[in-house]
Structure formats: structure tokens, C-alpha cells
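Okay, so here's the structure we're looking at.
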Amino acid sequence: RGFVRIESGELGGAGTRGYLSYTNQQSEKWKGQGDQDQELFNFKIVQPIGEGQLSAFYNWSDRQENDYQDMSLDMISRLGYDWDNYSAASQWQDMVDVANIYQGVAPGPFPSPITSPDDAYANAAGLREDSLAGATLNLPFGEGWSWDTTVYLHTNEGQGIWFTPYRATGSIGSAPRGNIVDAPDGSGGTIAAGTGAPISVRTTEYDIDRSGVTTALTATFGAHTVKGGLWYEDNDFNQARRFYGLELAAPQRDSLKFMKDPFFTQWYVGFNTKTMQFFLQDTWAVNDALTINFGFKSLDVENEAAAIQTPAVLAEGKIEASEGFLPQVGFNYVLNGQSELFGAVTENMRAFVGAATGSSPFATTPANFAALEASGGLEPETSTTYEFGWRYNNANLQAVAAIYYVEFKDRLLVNTIGSGIVGNPTILQNVGDVETKGAELGAQWEFAENFSWYNSVSYNDSEYQDDVIRIDIVAGLPVETVIPTGGKTVTDTPKELFKSELSYDNSVLFGTLGLDYTGKRYFTYTNSICDPRTGPAFPTPCSPDGKGSVDSSTIFNLSVGYRLKNIGFEGLTIQANVTNLFDEEYVSTIGSNGFVNFGDAQTLLVGAPLQWFVSLNGQF
């Protein structure tokens, strides 16, 4: 990884200044085969205007990353932590054999040690190129007034890629296993029907073109600082599911290059999201000890979906999330020169997502969306947060303690059918409330010269308040099914977190030994692997087994560095870092493929083993 930043200093007599920076990172995956590369370019220029200033920026990034395999508990036990995606470069025949067996072209069993096509996805990758540009004007005027405005423009092109055995090259429409039409090879040629691979490249493609403006006016009147402002954004987001052909002899497409010339587009949808937010707040210095902050925001977000390719496969229509009054009030009270109390109550609303995938109301069929509208539609998720705490600060000790309570209403749940990677249509529904209670404690203690010790601990108790009631079709008739989520722990919310860092720094030699503890986390809504549903179709449900979780983990990290001084410029620093010092095997991420009601979901990513890095940093 290389990084360079050049700062101009003051240019001419007008105070103009700016910088350029460039980063290039090239890395192999820590397991399996594939690369993870990224380039970044950042530019900013600042021009003082009286007491204010005008600044402009441009940021560009380009990344190409091969993904890691989504795992389940069974896969980790059966295949091991080092199991990863297939690579077309060295495992092409295995990939072809899996596809042929799945499609019924060849007899089983699957090549050992896999037992299904979902055990080894192939050449998964994410490609994304972004450009973000904007300008900001800060303009003080009058006595205690200032106006701040930012305009911005963001464009993006991206593809999520994997080589899929679920659709053969040349297969279109509702016949994913028939090699029935010619397919472009991506280089101007053609793969004839019947001669392509039983595999194709499936992409989820997207492009973004969004622009917006934020503007705020601030005025000071004695003990009051009043601020009000607007945010407006218009976001066009197009998304498509496409398939690209592969030759049987060997794959001719590179998973780290943007795909072109598809043989089949399953769906192509355009989304427009318009966001308007207004806020008004007052910070009131009541006296030397007490400061009160209060205000509100008004938020309106309208999502619209329309098929670009017809007939529409996924939902079309409009949905709006709007709330005219979302209040917030907080305070800060100084007890003495070393400690203070603080607290706040805040209401928030989450807008709907305009997309054809994920937790979006449009990621379903037109019929499901129509049924959703007929039943009264969806309510946006809302929350009310209460927080109270104490801060302490003296020469050698800084500490904070806080408690909080959150009421989360109208939770939205995505019901998914089949493996998440297949991309089947989903349906979104409001399923009740969530209650969260928690506490946090942190302290930084400089207990001796050049030594410091940081510790933080938190406890979080988040529970679903309601069972999910779902209507299943059994023997052609609607049957009510109860999914017992009430009283269960919210997915991906460990009850305990602990972090500790012991540091030394004498301005020349420095180092840190750190510990990170993460408690048990659930990846199913019922906290169960077995099926606990109740209803006429499920006369003998299992008792929730509590096994829909990953174990707690404790990871140590170490860094050591040395600063070289008096060598002709500002300084040179050499630093070594070791992550996962004791080479623990653990699950780092859950929910990589979403969450399910129950079952051993393939939605886990395992943590990297011991890794070490050396970096050199200098300024002149």
C-alpha cells in the first residue's frame, strides 16, 4: 500500500491553498485465490473570502475485490476455517462438475468435500468506481451570523459478480438449465448454443447519479445560538440482474473486470429517491454550568420504482416516509472543573430503501407489492432514544459512564426464500417493536510517565417484543403461521463488549497491546437453528435451541513503532503491526448474506488469522 499527499501551502497573496493525495493498495486474499485492489485520489482547494472561505473538492476511488466465501456453522465444522470460494483459474473442472450434477446433466455425488452448489461459490467479486465532487461556502456576516452551504454530485458504477451454477451459459427466461441460445463472449465473438459452460457469470449491476445541497444559517443572540437549515437530494439509482456467457474449455472472462455483452437480462429497474429535510435547533447557555440543546427535524423521503426493461419482473410504484416533527432535547451540566452530567432524548425515522435487492419494499414481485398496498402498506421504522451519562476529566484520568434506552417501532423484516445468493424475490413486512437497554463505561488512565491504559466495557440487552405472524399457503389455502421471535435477542447484537489497550510512548519509541472481546451473537431471528414455528401446518414445533449463534471471541493485537528524528526533514516513522496475535479461529462478521428466522444460515465470514504489517511514514 502506497500513499502520498502533497500540500501546497499558501499560493500567492490571496491565501489560496490546497492538497492532492493518492493511494494505491494491492493485496492478495488471506485465504483462497484472488486479489483485493483499490486506488484513491483526493483533491481539495480552499480560498479565503474575507472572514469566510470557499472550498472545492474532488474524490475518486476504484476498487476491484474478490470476495470471501459466506460460511455456515456446518460448513465451518465440515470444511474448516480456511475453506473459500472456488477459483476459475485452478478449479474450473470442479466448477463444471458441480454445475452439471446440480443441473442433472451428470450423476452425483458432488466432488468431495462439498455437498451442495452453495458450499463453494466461484470467483465472487465486487467492482465499484465512484466520483464525488462538491463545493462549500462558509460566509460569516453581521454580528454573530454565518451561512454555510455545500453542493455535491456523486456518480457511481458497480457490479457484484459471481460465477453461478444455477444458470448455464445461453439459458434465458424460466429455463435456467437449458443451453438454448447463442451468447456473446465479451470480445466480439459468439459462444454457440450447446457449446457454452454449464456456468454463467451473474451480476447485480448498478449506477448512481445523485446531487444535493445542504444549507444552514446560524445566529447568536446573547445566550442563544440558533441554527436552521435544509438538505435536499435527488438520487437516480439504476439496478439490473444480468448473465454473461462462459466458454466450456476455459473461462474467458476476468472476475475483476467489468462485464459486457450479456446474453440475458433478468430485470432492469430504475429508482428515484427524493429527500427533503429541514431542521431547527437552539443551544441555550442558561448559565456557566448548564447548557440546553433543543430542536427538531422534519424529514420526507419519496421512493419511486419503474421498470426499464419490460415486462416488469419486480415491483413498480411509489412509497413515502414522512414525519413533520422529530424532536431532540439534550443538556450538559458542569458539576465542577472535572466532571459533568449529560443527557438527551431523540426521535428518529428510517426512510425506505429504493433498490431491487436487500430490505427494500420493491425487491418483490408486482403481485406481492400490490397485495402489500391493499393491506394498508408499510410504516417506516422509528425510534426514540433516551441517554444519560457522566464525564470526568483531570490531568491523568478521563472517564465516561452512560446508560441508554431505545424504543424501536414498526420493525421491517425481509422474508427470503432459498439461498440468499440466488436472489429470489422477497417481501417486506412490519413485524412489531424492539426494546434496547444498555450501559457503557470507558476510562483512559495515564498511570505513569509515558504509559497509559484505556478500557471500555458495554452491556446491551436488545429484544424483539413481538412474534411474527405470517400467512403461508398450505394445500392452496392461507394458513396463519407464528414465528416465535417475541423475547428473543436481536441478531448481531452481542450483550457484552470489552476493549483494553495498554500503551507506551516516549516520543521516540511507542507501542500498544490491545484486547478486543465480543460476546455471543445470534444470526437467526428466533435464536434457533431448529424450526420453532407454530400453526396448523406445524403441529410439533421444536423448542428454540439457542444454537443460532456464534461463540464469543477474544482477539489480541500488537503494534510497535520508532520515530527517527534529526535526519534532515520533519521525521520518519517505522511501525510494525500484528493482528490476531495468538492466531485465534473465530467468526468476525455475521449477516453477510442477511438473516433468517431459523436454520444454519450461510451468512458468516470467518476472521483472518495472524497477520503482520510493516509501514514507513515520513514528512518533509
Next on the checklist: Modelling each spin label as a point 7 Å along the Cα-to-Cβ direction, I'd like the Thr589/Ser211 distance in nm, to one decimal.
Outcome noted: 3.4 nm
Checklist entry - So for the pair Tyr19, Ala576, with labels modelled 7 Å out along Cα→Cβ, what separation do we get in nm? => result 3.0 nm
Next on the checklist: Let's test the formula: R0 of 35 Å, r as the Cβ-Cβ distance of Ser77 and Lys437. What FRET efficiency results, to the nearest 0.05?
Outcome noted: 0.55
Item to check | Candidate aspartates and glutamates for bridging to Lys499, where Cα separation is under 19 Å - those fewer than 8 sequence places away on the same chain excluded | outcome: Glu440, Glu446, Asp461, Asp516, Asp551, Asp583, Glu584, Glu585
Checklist entry - Kirkwood hydrodynamic radius of region 265-348 from all distinct Cα pairs, in Å? => result 16.4 Å
Checklist entry - Which order, highest average first, do 393-399, 481-487 follow once you tally other Cβ atoms within 10 Å for each residue and take the mean per peptide? => result 481-487, 393-399
Checklist entry - Once fully extended, how much extra length lies between Leu335 and Ile292, figured as 0.36 nm per residue of separation less the alpha-carbon to alpha-carbon distance? => result 14.0 nm
Checklist outcome for this item: Surpassing 28 Å at the alpha-carbon level, of the pairs Lys31/Lys488; Lys318/Lys495; Lys274/Lys488; Lys44/Lys257; Lys409/Lys520, are Lys31/Lys488; Lys318/Lys495; Lys274/Lys488; Lys44/Lys257
Checklist outcome for this item: With the charge dipole of the chain built from beta-carbon charges (+1 for Lys and Arg, -1 for Asp and Glu) about the Cα centre, the Cα from Thr589, Leu335, Thr218 projecting farthest to the positive end belongs to Thr589
Checklist outcome for this item: Measuring from the longest principal axis of the C-alpha atoms of the chain, the long axis of helix 88-102 (C-alpha) lies at a number of degrees, nearest 10, equal to 50 degrees
Item to check | Amide N of region 24-42 lying under 17 Å from the label point, which is placed 7 angstrom from the Cα of Val4 along Cα→Cβ | outcome: 24-26, 39-42
Checklist entry - Per residue and in cubic angstrom, what volume does the convex hull of the Cα atoms of region 151-254 have? => result 148 Å³
Checklist entry - What is the Cα centroid distance between region 39-90 and region 534-581, reported in whole angstrom? => result 18 Å
Checklist entry - Distance in nm between label sites at Phe278 and Trp145, each 7 Å beyond Cα in the beta-carbon direction? => result 2.0 nm
Checklist outcome for this item: The FRET efficiency for Asp62 and Leu610, from their Cβ-Cβ distance with R0 = 41 Å and rounded to 0.05, is 0.85
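What FRET efficiency do you get for Glu304 and Leu132 if R0 is 30 Å and r is their Cβ-Cβ distance, rounded to the nearest 0.05?
With a Förster radius of 30 Å, E is 0.80.
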Checklist entry - What does the helix-only formula give at 222 nm for the chain: each DSSP H stretch with n ≥ 4 adding -39500 (n - 2.57), the total divided by the residues, and the result rounded to the nearest 500 deg cm²/dmol? => result -1500 deg cm²/dmol
Next on the checklist: With just the Cα atoms defining each centre, how far is region 123-170 from region 595-614? Give it in Å.
Outcome noted: 27 Å
Next on the checklist: Starting from 0.36 nm per residue, how many nanometres of slack lie between Lys409 and Phe110 once their C-alpha separation is accounted for?
Outcome noted: 103.1 nm
Item to check | Carbon + sulfur, % of accessible area of region 63-202 - ligands and nucleic acids excluded, 1.4 Å | outcome: 54 percent
Next on the checklist: Using only the Cα atoms of the chain, what are the Rg and Dmax in Å?
Outcome noted: 27.8, 83
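The values are calculated or read from the model by the stated rules, or taken from the named source; none is laboratory data. All figures in this text were calculated on a predicted structure; none of them were measured in a lab. Counting neighbours? That spans all protein chains shown, and the Cβs are built from the backbone with ideal geometry, glycine included. The accessibility values were calculated without ligands, DNA or RNA, using every heavy atom of the protein model including side chains. Shrake-Rupley method; radii C 1.70, N 1.55, O 1.52, S 1.80 Å.
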